[in-house]
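One structure below.
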Amino acid sequence: MIVAFDVGNSEITIGTFDGEDLTTHWRLTTAAPRTADELGLLIRSLLGPEVASPGGAQGSAICSVVPAITPMLAEACEMCFGAQPVIIDARAKLPIKLDVEEPFTVGADRIANTLAASRIYKRDAIVVDMGTATTYDCITADGTFLGGVIQPGIMISADTLFRRTAQLPATEIVPPRRVIARRTDE
């Protein structure tokens, strides 16, 4: 079993994998700063002592876009699993290429998207990742990240729109019944 941590700006997703199969998963609010001990307690409470103890899992991996949390989470993983986790970032030895001017500034999420798209689809792709930010990543079939676009995510855009407009009420983000709205709240 491998335990994977996807640390985003809004949420941390934790998943356990048996081979390529996701067996369990949880979402936590990303809350910094937490100590390694606090994160270790969270990990143990979710996974149980039989998994979150040295030898209980084959290993762990962290893909984080929140540098303030990454070292504490890595320390918690080492305490829980008895080994250092694999850290996914531009320095990781992955079978991809970051063909951009400043490869060390490419986010771990975009690196993971590059690896996944090239392995799963084996063709040139544009990956759209909708989180706190929405990213559009241009990736080649052989796993080369060519670059992309970053824009505010849906919730950030909606929050700004609702706060900065005098007559537009805050509404729930739901799929519209039709493309052309016939009421302001639609």
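The values are calculated or read from the model by the stated rules, or taken from the named source; none is laboratory data. This is a predicted model, so every value here is computed, not measured. Positions of Cβ are generated from backbone atoms using ideal geometry, with glycine treated the same way; all protein chains shown enter the neighbour counts.
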Could you list, in sequence order, all residues of segment 42-57 that are over 13 Å from I14 (Cβ atoms) and buried (at least 16 other Cβ atoms within 10 Å of the Cβ)? G56
Out of F5, F17, report the one residue that is without any contact (Cβ under 8 Å) to a residue 24 or more places away in the chain, of a type in the set (F, W, Y) and surrounded by 14 or more Cβ atoms within 10 Å (Cβ to Cβ). F17
Taking first residues from segment 34-48 that are basic (K, R) and second residues anywhere that are surrounded by fewer than 19 Cβ atoms within 10 Å (Cβ to Cβ), the pairs with Cβ under 7 Å that are 6 or more apart or on different chains are R34/M72
Residue check for D109: touching a residue at least 24 places away in the same chain (Cβ under 8 Å), in contact with a Cys (Cβ under 7 Å, 6 or more places away or on another chain) and not in a loop (DSSP other than H, G, I, E, B): yes
Just to be sure I understand, how many residues within segment 122-143 are surrounded by fewer than 17 Cβ atoms within 10 Å (Cβ to Cβ) and on the phi > 0 side of the Ramachandran plot? 1
Could you please let me know if A74 is of a type outside the set (S, T, Y) and out of contact with any helix residue (DSSP H, G or I) (no Cβ under 9 Å at 6 or more places or on another chain)? no
When every residue in segment 153-172 that is among the hydrophobic types (A, V, I, L, M, F, W, C) and surrounded by 10 or more Cβ atoms within 10 Å (Cβ to Cβ) is compared, the one nearest to T135 (Cα to Cα) is I154
All positions within segment 53-79 that are over 21 Å from the mean Cα position of the chain (by Cα) and either farther than 20 Å from E20 by Cα or among the hydroxyl-bearing types (S, T, Y) (or both): S53, P54, M79
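To keep it simple, each residue is scored yes or no on (1) farther than 13 Å from A4 by Cα; (2) out of contact with any Pro (no Cβ under 6 Å at 6 or more places or on another chain).
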residue	(1), (2)
I62	no, no
V65	yes, yes
L73	no, yes
C77	no, no
A83	yes, yes
V86	no, yes
V100	yes, yes
F104	yes, yes
G107	yes, yes
Can you tell me how many residues within segment 58-103 are touching a Cys at 6+ places or on another chain (Cβ under 9 Å) and free of Cβ contacts under 8 Å to residues at least 12 places away in the same chain? 1
Of all residues in segment 128-179, count the ones that are in a helix (DSSP H, G or I) and either in the same structural domain as E11 (by TED's automatic domain parsing) or touching a residue at least 12 places away in the same chain (Cβ under 8 Å) (or both). 4
